[in-house]
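Quick notes on the structure that follows.
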Amino acid sequence: MENPHALAHAQVSSEMFDIFEAPSASFDVYASTPVPRVGTTAREGMVKARGDVHRDGDWHRSTHVWIVDCESARVVVQRRSLGKDTFPGMWDISAAGHVNASERDSRITAVSELAEELGV
């Protein structure tokens, strides 16, 4: 059965992502807030295309969704597309994806990735 939500391409190199400063040693994943890298003005954050972000190793937002059956202690995994720019053909978590620069709520990206990757 074909997934009607699946994307035609594994990724689009022109997708735009917000760029953040690398976290400090004291960063608390539960309490700290990532610091956007400043763009051309003091009021805007830096935004870069996907291809540039991965080439330059910039910190950027992504979502990771794990589907777990606690009773059987099993996790849903998937094999990455051979067309991916990072780790093609490797096993990966249930669903994951980058949060686009225009998106403020990463939960929307998580729901979208579940539909695109697993048809859920």
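Overview of values
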| read-out | value |
| --- | --- |
| Single condition Gly83 does not satisfy, out of (1) in contact with a His (Cβ under 8 Å, 6 or more places away or on another chain); (2) outside any loop (DSSP other than H, G, I, E, B); (3) not aromatic (Phe, Trp, Tyr) | (2) |
| Matching residues in region 14-34 - criterion: being in contact with a helix residue (DSSP H, G or I) (Cβ under 9 Å, 6 or more places away or on another chain), open to solvent by less than 70 Å² (accessible area, probe 1.4 Å) and among the aliphatic types (A, V, I, L, M) | Ile19 |
| Members of region 102-119 that are in a loop (DSSP other than H, G, I, E, B) and of a type in the set (S, T, N, Q) | Ser102 |
| Boolean, His54 is open to solvent by less than 70 Å² (accessible area, probe 1.4 Å) and in contact (Cβ under 8 Å) with a residue 40 or more places away in the chain | no |
| Tally of residues being touching a Gly at 6+ places or on another chain (Cβ under 9 Å), under 28 Å from Thr33 (Cβ atoms) and either charged (D, E, K, R) or open to solvent by 70 Å² or more (accessible area, probe 1.4 Å) (or both) across region 65-104 | 0 |
| Top-ranked residue in region 105-114 [being in contact (Cβ under 8 Å) with a residue 12 or more places away in the chain and over 19 Å from Val68 (Cβ atoms); ranked as least open to solvent (accessible area, probe 1.4 Å)] | Thr109 |
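The values are calculated or read from the model by the stated rules, or taken from the named source; none is laboratory data. Computed from a predicted structure; not experimentally measured. Glycine also receives a Cβ, built like all others from the backbone with ideal geometry; neighbour counts cover every protein chain displayed. The area values use the complete protein model at the heavy-atom level, side chains included, leaving out ligands, DNA and RNA. Shrake-Rupley method; radii C 1.70, N 1.55, O 1.52, S 1.80 Å.
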